[in-house]
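Comments concern the structure below.
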Amino acid sequence: MRTFTALGLLLVFFHDGSEASLDLDIFSLSCKNYDNPSPMLNLKRHLFCQYDRTIRPTLSHQVVNNVTMKLLPKILEFDEWNSRLTLHSWMALTWTDSHLNWKPSDFDGINFIHVKSDEIWVPDLSVYNSGDMAMDQTGIPPTTCLIFSSGSVSCVPSLSHTAKCSTNFAHWPYDTHHCRINFGSWSHSGEEVNFHLDKKAFQMDGYTNNSQWDFKVTDAYKVLKKYKCCPNDTYPMIVFELFISRHYGMLHTTYVTPAIVVMLLTITVLWLDSRSIERIALASVNLICHILCIFDMHWQLPHNGTNPPYILLYYRDSLAMAVFALLLTALLRKMQDMSIDVPNWISTTTTFVLNNRAGRFLILTDDNGKLSNSGILGGENEENSDLPKTEARSKESSWRLFAAIIEWISFFAVVLTYTIILATLVLAT
């Protein structure tokens, strides 16, 4: 029994030894021979031996890391309903890493190398006025950086910055918006990591224009702040001022042109004779057009602005005048069918207007002869005429004259109101 046990142990040992020997042979075949490593491999070993990318690359903790930055915008996304800007851009960052320098003569004249940003220390660049708090905008995404023998590091990562904007749609669809993106270090003060702007802080040559918005960077500057918690430390912030304006071509045709049309419709309603069927029909159509325009604009306009758009206020005022024109038409039609006695103040007003040349030119109609014979115009006495018929015609004519006066007064009043509204809109724009 012991003999079989011993034989079994020898067999297992022999089998394991064979597998170990086989693994060693495979390992030795898969590994490269580093007896004569290349200068690049020697350089990488020299630079990254015991390198810690979580530690600021300075010879002393009192030495500051100066980071130079330059913004290269590429694509813009602007969410007007949520007042949020997303800018896709390249950010050129340059700093000096004192742990990553070498003498080119020691490594076959190599002056620079390419490394992944995950392998080296990078500044914790952050967006202070982030428009999406759930999105981490600290640091830079993985990219390839260029390291020179002097220790200078240059990275150009592709970034997406989301920032909150203060929007104003008062001049819609000719609205413009001013936004900011504030950059700075999230965990270091200016005495540790200090950001600076390049001589040319931004470059728009590679920007792809948006089909809805026109975009440009107007200014870039540095702001130094101090807080009560750390009175001896400064916290630098790089601010980029952004200007966004809407391409209004399509909206101009869709909303501004109808605004002029409904204005002309309202004026035309007041120009027509109140007794005509065309006037009451056109007034009804005009009111419906106003309501449809406002209803459609309700779905087009953003609802997050503090000031209502002027064009919406224009449609509101124009709607009020359209309602006024419709109600006035119905009132005047009713007034001209009245057969009751005319009040003295109406007769006095009518006589005063008709005694003026301008009043006679505007008010008098084809019923001139009848009105003159009725005595409204101050003509001869109708002693030989039929008095009952004359009095009935006189009442009817007086109401018609008064209605005509109201028509022209309302016409000029509405024209004047539209003129004031349009002047206000032009000056505000």
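Which order do V323, V153, V426, V285 take when ranked by solvent-accessible area (1.4 Å probe, heavy atoms of all protein chains), largest first?
Details: V323 55, V153 0, V426 110, V285 75 Å².
The most accessible residue leads, giving V426, V285, V323, V153.
With every protein chain kept in place and ligands, DNA and RNA left out, what is the accessible area per residue of the stretch 118-255? Probe 1.4 Å, answer in Å². Intermediate results must be reported in sequence, preceding the final value.
Numbers: 6870 Å² over 138 residues.
Counting only protein heavy atoms, the per-residue value for the stretch 118-255 is 50 Å².
Step through the residues of the stretch 402-413 one at a time and calculate ³J(HN,Hα) from phi using the Karplus curve (6.51 cos²θ - 1.76 cosθ + 1.60, θ = phi - 60°), rounding each to whole Hz and writing x for Gly and Pro.
Whole-Hz 3J(HN,Hα) from phi for the stretch 402-413: 5, 5, 5, 4, 4, 4, 6, 4, 5, 4, 5, 5.
Name the residues whose placed amide hydrogens come within less than 5 Å of the amide hydrogen of V193, ignoring near sequence neighbours (fewer than 5 apart) on the same chain.
Placed amide hydrogens put N65 under 5 Å from V193.
List the residues whose amide H sits under 5 Å from the amide H of S152, counting only those 5 or more places along or on another chain, with H placed 1.01 Å from N in the peptide plane.
Hits under the 5 Å cutoff: D97.
Could you put M250, M40, M321 in order of accessible surface area, largest first, with the 1.4 Å probe and the full protein assembly present? It would help to have the intermediate numbers written out before the result.
On the way: M250 155, M40 80, M321 20 Å².
I get M250, M40, M321, largest accessible area first.
Tell me the label-point distance for the pair H247, E192, using the 7 Å Cα-to-Cβ offset, in nm and rounded to one decimal.
In this crude spin-label approximation the distance works out to 4.6 nm.
Convert each backbone phi in the stretch 51-63 into a coupling constant with the Karplus relation 6.51 cos²θ - 1.76 cosθ + 1.60 (shift: θ = phi - 60°), then list the ³J(HN,Hα) values in order as whole Hz, x for Gly and Pro.
7, 10, 6, 8, 9, 4, x, 9, 6, 9, 5, 8, 8
Filter the cross-link list K200/K226; K74/K164; K44/K222; K74/K116; K199/K225 down to pairs whose alpha-carbon distance in this structure exceeds 25 Å.
Working: K200/K226 27 Å; K74/K164 19 Å; K44/K222 36 Å; K74/K116 23 Å; K199/K225 22 Å.
Pairs exceeding 25 Å: K200/K226; K44/K222.
Suppose accessible area is computed on protein heavy atoms with a 1.4 Å probe; arrange E191, E407 from highest to lowest.
Details: E191 75, E407 25 Å².
Of E191, E407, the descending order of accessible area is E191, E407.
The values are calculated or read from the model by the stated rules, or taken from the named source; none is laboratory data. These figures come from a predicted structure and were not determined experimentally. Cβ: placed from backbone, ideal geometry, glycine included. Neighbour counts: every protein chain shown. Quick note on the areas: whole protein, heavy atoms, side chains included, nothing else; ligands and nucleic acids left out. Shrake-Rupley method; radii C 1.70, N 1.55, O 1.52, S 1.80 Å.
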